[in-house]
1. What does the charge dipole of segment 45-138 about its Cα centre add up to, to the nearest 20 debye, if the Cβ of each Lys and Arg holds +1 and the Cβ of each Asp and Glu holds -1?
2. Averaged per residue, what accessible area in Å² does segment 1-160 show with a 1.4 Å probe, protein chains only?
3. Between residue 107 and residue 44, what FRET efficiency follows from the Cβ-Cβ distance if R0 is 41 Å, with the result rounded to 0.05?
4. Rounded to the nearest 0.05, what FRET efficiency do residue 84 and residue 161 have when you use their Cβ-Cβ distance and R0 = 41 Å?
5. Would you mind computing Rg(Cα) / (2.2 N^0.38 Å) for segment 66-170, counting N as its residues?
6. Can you tell which of 73, 63, 12 lies farthest toward the positive end of the dipole of segment 1-144, using +1 and -1 charges on the Cβ of basic and acidic side chains (Lys, Arg; Asp, Glu)?
7. Size of the dipole of segment 105-165 about the Cα centre, Lys and Arg at +1 and Asp and Glu at -1 on the beta carbon, nothing else charged, in debye to 20?
8. Considering only protein heavy atoms and a 1.4 Å probe, what is the carbon-and-sulfur percentage of the accessible area of segment 24-156?
Amino acid sequence: MKNKKNRSFIFGDFDKDGIKNIDDKYPFNKKKKGQIEETSLARELKIIKKYAHKFVLDTKIIAKDIKRKGYTVKYRVKGTFSIVNKIRRKSLKEIRDIGGILILVNNKEEAFKAGEFVERNYNVIEKDDYFTEPKDEFYRALHYTVMVNKLPFEIQIKTKKEFAIHLKAHKKYKSRSEERRVGKECRFRWSPYP
């Protein structure tokens, strides 16, 4: 329900002047008409959404393929607003984790076996080994960027213990970043994965 409210807030037209709220200089004033930017943000968001949609089917196929090998798998495709937040730092073509697959294993040895499976079965273009070279003193995982149908996907391999730690840390991180945004550039909460 929250996502529908956010979409209508952005893509709706409160004053019925033909300009989407996100692009309307005066979204609540029927007498004034004007677009904020030369480029329609509504149109740009639709392009981003269409690009993200390309990842949906392949992400499911990759996850199903890995699951058939006996691994516990989770997957997700980033939502439009999550992608927009990343675009602030990178171009759309530089974002390598729109489609994300997570392989959960019991221990480090199983993680490396799963990594061998990924390297044998996918076109790996980037690999980060945070077991051998930790990102920080706590984080341990294997990260791969693979190309499937000319699109980059991220495959992460973590132990179940590492995943549980990650979930707790990510919730803290999201709540802190939400607190920083409130009252600045954001007046309502975005849903991270619509």
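The values are calculated or read from the model by the stated rules, or taken from the named source; none is laboratory data. A quick note: this is a predicted structure, and the numbers were derived from the prediction, not measured. Virtual Cβ from ideal backbone geometry, glycine too; neighbours counted across all protein chains shown. Just so you know, the surface numbers come from the protein's heavy atoms only, side chains and all, with ligands and any DNA or RNA stripped out. Shrake-Rupley method; radii C 1.70, N 1.55, O 1.52, S 1.80 Å.
1. For segment 45-138, the charge dipole is close to 880 debye.
2. Accessible area per residue: 63 Å².
3. On the way: r = 45 Å, r/R0 = 1.09.
FRET efficiency, residue 107 to residue 44: 0.40.
4. Efficiency computed from Cβ-Cβ geometry: 0.80.
5. On the way: Rg = 13.8 Å, N = 105, 2.2 N^0.38 = 12.9 Å.
Computed over Cα atoms of segment 66-170, the ratio equals 1.07.
6. In segment 1-144, that residue is 12.
7. Using Cβ point charges on Lys, Arg, Asp and Glu, segment 105-165 gives about 240 debye.
8. 49
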